[in-house]
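The values are calculated or read from the model by the stated rules, or taken from the named source; none is laboratory data. Since the model is a prediction, treat every value here as computed from it, not as a measurement. Reconstructed Cβ throughout: ideal geometry from the backbone, glycine too, with neighbour counts over all protein chains shown.
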Amino acid sequence: MNNFWDQIQSFFWNLINRPTWVDYLDIGLMAVLIYQLFLITRRTRSIQVFKGLIILILASYLSGIIGLTSIHYLLQGVLSNGIIVLLILFQPEVKRTLEHLGRTAFVNRSGEQSESDKIIEEITQCLQRLSRRRVGALVVFEQKTGLQEFVDTGIRLDAAISAGLLENIFEPNTPLHDGAVIIRGERIEAAACILYLSDNNAISHDLGTRHRAGLGVSESTDAMVLIVSEETGIISMAQGGKLTRHMDAEAVKKVLRKIYSQEHSFFWRLTHRQLTSAGKGGEQHE
């Protein structure tokens, strides 16, 4: 037991006194990579494998410190071939990651619209058409705060974003037109989702359930919400519990560019793409 505590003290002494700035940089980069790997796999079945691997690493380390020679030797044998095992188990994720890396690494020299520009154009066109026809709409854009609890209340779609699909979803008297559409990254995650209503008494009485639902989700998360009024056709934005009304096409595009901006880090965009590609009551009237 004394030997165990001596090793613990030696470990912490070395941890504090021996590393250089290069070591800290190395540790920091490794932490970021592990964190991003966890984000990529957290909504897939691979997360269970990832958790199991962490348990094996910890068990191997502790068995070596305590002196469980047989267990330590066995675990080391398993982990020594870990890279091959990981490549086999995470083959779909590795393939998608490399594909996205290849798409992101090269500049689009053909002059064609980027994928983000196309998405912004599709959403803007849809909202403009719905506004002209005075068809109500509620579109929620997930950001850093996960919206899975709201996704689970609706009908999962996991579909590419297009003006036609969004317009069809909000078409009156269709099965999905009530409730909110939740967009995660570059996919329509779910439709007919039920949101919590804002209990802010300062909200104008002219605003109906759709606006209160949009404000409600923006108060409890960092989501950005676009709302089309069924009565007036006015396009509004809810974010941070605040409502911005009378938005034209340029204002909508400006908001969407902040979400899909190239200024977002590669890891942010990759994480959202991986989450979407991995698979997984009351009407809201104006």
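Taking first residues from the range 168-194 that are outside any loop (DSSP other than H, G, I, E, B) and partners that are buried (at least 20 other Cβ atoms within 10 Å of the Cβ) and basic (Lys, Arg), no Cβ contact under 7 Å between residues at least 6 apart in sequence or on separate chains turns up. Here Leu138 clears all of (1) assigned to a helix (DSSP H, G or I); (2) at pLDDT 95 or above except the condition numbered (1). Annotation: Asn200 fulfils all but one of (1) more than 20 Å from Arg212 (Cβ to Cβ); (2) part of a loop (DSSP other than H, G, I, E, B); the unmet one is (1). Within the range 216-237, being over 15 Å from Gly136 (Cα atoms), among the hydroxyl-bearing types (Ser, Thr, Tyr) and not in a loop (DSSP other than H, G, I, E, B) holds for Ser218, Ser220. If only residues of the range 214-259 that are under 22 Å from His177 (Cα atoms) and among the acidic types (Asp, Glu) are counted, the one that is surrounded by the most Cβ atoms within 10 Å (Cβ to Cβ) is Glu230. Hey, any hits in the range 191-213 for a residue that's surrounded by fewer than 24 Cβ atoms within 10 Å (Cβ to Cβ), at pLDDT 95 or above, under 27 Å from Asp117 (Cα atoms) and not small (Gly, Ala, Ser)? Scanning the range 191-213 turns up no residue that is surrounded by fewer than 24 Cβ atoms within 10 Å (Cβ to Cβ), at pLDDT 95 or above, under 27 Å from Asp117 (Cα atoms) and not small (Gly, Ala, Ser).
Residue check: is Gly179 assigned by TED's automatic domain parsing to the domain that holds Ala249, at positive phi and crowded, with 16+ Cβ neighbours inside 10 Å? Steps first, please.
On the way: assigned by TED's automatic domain parsing to the domain that holds Ala249: yes; at positive phi: yes; crowded, with 16+ Cβ neighbours inside 10 Å: yes.
The answer is yes for Gly179.
For the range 178-215, which positions are of a type outside the set (A, V, I, L, M, F, W, C) and more than 16 Å from Gly136 (Cβ to Cβ)?
The first filter runs over the range 178-215 and keeps only residues of a type outside the set (A, V, I, L, M, F, W, C), leaving 178-179, 184-187, 189, 196, 198-201, 204-206, 208-212, 214.
Arg184, Gly185, Glu186, Arg187, Glu189, Tyr196, Ser198, Asp199, Asn200, Asn201, Ser204, His205, listed by residue number.
So how many residues does the range 146-167 have that are aliphatic (A, V, I, L, M) and not in a helix (DSSP H, G or I)?
Residues that pass the stated criteria total 6.
Considering only the range 110-120, I want to know if a residue exists there that is out of contact with any strand residue (DSSP E or B) (no Cβ under 7 Å at 6 or more places or on another chain), part of a loop (DSSP other than H, G, I, E, B) and either at pLDDT 80 or above or among the acidic types (Asp, Glu) (or both). Can you show your working first?
Residues of the range 110-120 that are out of contact with any strand residue (DSSP E or B) (no Cβ under 7 Å at 6 or more places or on another chain), as a first pass: 110-120.
Now drop any that are not part of a loop (DSSP other than H, G, I, E, B), which leaves 110-114.
Keeping just the survivors that are either at pLDDT 80 or above or among the acidic types (Asp, Glu) (or both) gives 112.
Yes: the range 110-120 contains one or more residues that are out of contact with any strand residue (DSSP E or B) (no Cβ under 7 Å at 6 or more places or on another chain), part of a loop (DSSP other than H, G, I, E, B) and either at pLDDT 80 or above or among the acidic types (Asp, Glu) (or both).
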